[in-house]
Amino acid sequence: MIVAEIKPIEEIADSIKAIKGVKKVLVAGCGGCVTVCLSGGQKETDILASALRMKMEVDGQPVQIETATYERQCDPEYVVRFKEHLKDVDVVVSMACGVGVQFMAENYPEIIFVPGQNTKFAGAAIEHGVWEERCMLCGECVLAKTGGVCPIIRCSKSLLNGPCGGSQNGVCEVSKDTPCAWQLIYDRLKGQGRLDLMTEVLPAKNWSKNRDGGPRKIVREDVRL
C-alpha cells in the first residue's frame, strides 16, 4: 500500500493563507491506503480539520472548514461523490496520497487543491504501527529471480548482484538495524531449492531517477502495541 505522513499543521495553514480570498475549506479524507496507515482516514481528517480551524483563528485568518471522506480519491466512481461537498469551496486540503491529490485536481480543475500529506513510499505493515518500504515502483521487477525480496529497496546499495563485502553475519555495514538483503535472498532461495538463481548475473539497472537504497520506515508510536 502507499504510505504517507500528515504534513505539519503550519505548512498546511501557510499554503491556505497564501491563497487570496479563502473563506471555505474542505478537508477531504481518503478511505484507502492512508486510512490503513492511520494518516488520512475519517478520524485523522476530523482531527486535522479541528486543528486547522484553531490554527487559522489564532493566526487571525479564520475560515469555514468542513470535512468529507470517501473510499478513495484515485477512482472516478468515488471522486464524483465529493462534488456535493464542493459548493462554494475555495480550497480543498486532500488527505490522500499524491496520486489522489492529482486525480482530484484533474477532475475539479476550478478548485485549488492543497496536499495534507507527504507521500512516503509503497510499503507493508511489519507490525502494528510500523510500516516499512518494500517497493519503489521502479517498473522493472526482478522478484521472480530474488525469492520475492527486492534488492533495489531492501539492499542499502541497491545491488542487483550481491552480496557486497560489507555484509557480516547477515547484517548490512550501513546500519546494524538493516538486514543484508542478499542474505535474505540467499536464505529464501535456499529454502525453495533454487540457489542456482544466485549464479545468474542480472543486467545493470537503467536508472531514470536515482535515489539511495535501503528501506524507509514509518513508526507511529501512538498506535504501537
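Would you mind working out the accessible area per residue for the chain, using a 1.4 Å probe, and quoting it in Å²? Each step should come with its number before you reach the end.
Values: 12340 Å² over 225 residues.
Using a 1.4 Å probe on heavy atoms only, each residue of the chain averages 55 Å².
For all pairs of alpha-carbon atoms in region 1-113, what percent lies in each bin of width 10 Å, listed from the first bin to the last filled one?
15, 51, 31, 3
Looking only at region 3-38, which residues have a backbone nitrogen under 15 Å from a spot 7 Å from the Cα of residue 66 in the C-beta direction?
23-29
Extending each Cα 7 Å along its Cβ direction at residue 176 and residue 197, get the distance between those two points in nm, one decimal.
The two pseudo-label positions are separated by 3.2 nm.
At q = 0.11, 0.24, 0.28 Å⁻¹, work out log10 I(q)/I(0) for region 90-164 with the Debye formula, treating every Cα as an identical point scatterer and leaving solvent out; two decimals please.
Normalising to I(0) and taking log10 leaves -0.45, -1.05, -1.23.
Quick one: order 133, 200 from most to least accessible surface, probe 1.4 Å.
Details: 133 0, 200 80 Å².
Sorted descending by solvent-accessible area, the residues read 200, 133.
Explain nothing, just the number: dipole magnitude of the chain about its Cα centre with +1 on each Lys and Arg Cβ and -1 on each Asp and Glu Cβ, in debye rounded to the nearest 20.
On the way: 28 positive and 29 negative charges, 99 e Å.
It works out to roughly 480 debye.
Which values, in whole Å and largest first, are the semi-axes of the equivalent ellipsoid of the chain obtained as the square root of 5 times each eigenvalue of the Cα gyration tensor? Kindly include the intermediate steps, with their values, before the conclusion.
Working: eigenvalues 351, 63, 45 Å².
Semi-axis lengths for the chain are 42, 18, 15 Å.
Can you give me the relative contact order of the chain as a percent, contacts being Cα pairs under 8 Å and 6 or more apart? Mind showing how you got there, number by number?
Numbers: 385 pairs, mean separation 43.6, N = 225.
So the answer I get is 19 percent.
In whole percent, how big is the carbon plus sulfur part of the accessible area of the chain, probe 1.4 Å, protein atoms only? Working shown, then result.
Numbers: 6430 of 12340 Å².
About 52 percent, which is the carbon plus sulfur part of the accessible surface.
Take a quick pass over region 1-80 and tell me how many lysine pairs come in under 17 angstrom between Cα atoms, counting only ones 8 or more apart or on separate chains.
Details: 7/17; 7/43; 7/55; 17/55; 23/55; 24/55.
Taking region 1-80 as the scope, the lysine pair count is 6.
Can you list residues from other chains, or at least 5 along the same chain, whose modelled amide H is less than 5 Å from the amide H of residue 156?
Under 5 Å from the amide H of residue 156 lie the amide H atoms of 181, 214, each far enough along the sequence or on another chain.
Within 10 Å of each candidate Cβ there may be at most 13 other Cβ atoms; applying that plus a DSSP loop requirement, which trypsin sites (Lys or Arg not before Pro) in region 1-85 survive?
On the way: sites: 17, 20, 23, 24, 43, 53, 55, 72, 81, 83; in loops: 20, 23, 72.
Passing sites in region 1-85 are 20, 23.
Round to a whole angstrom and tell me the spacing of the C-alpha centers of region 1-20 and region 47-107.
When both Cα centres are located, 11 Å separates them.
The values are calculated or read from the model by the stated rules, or taken from the named source; none is laboratory data. Bear in mind that the values here come from a model prediction, so they are computed numbers and not experimental data. Note that each Cβ is placed from the backbone with ideal geometry, even for glycine, and that neighbours are counted across all protein chains shown. Each accessible area value is taken on the protein alone, full model and side chains, heavy atoms only, with ligands, DNA and RNA left out. Shrake-Rupley method; radii C 1.70, N 1.55, O 1.52, S 1.80 Å.
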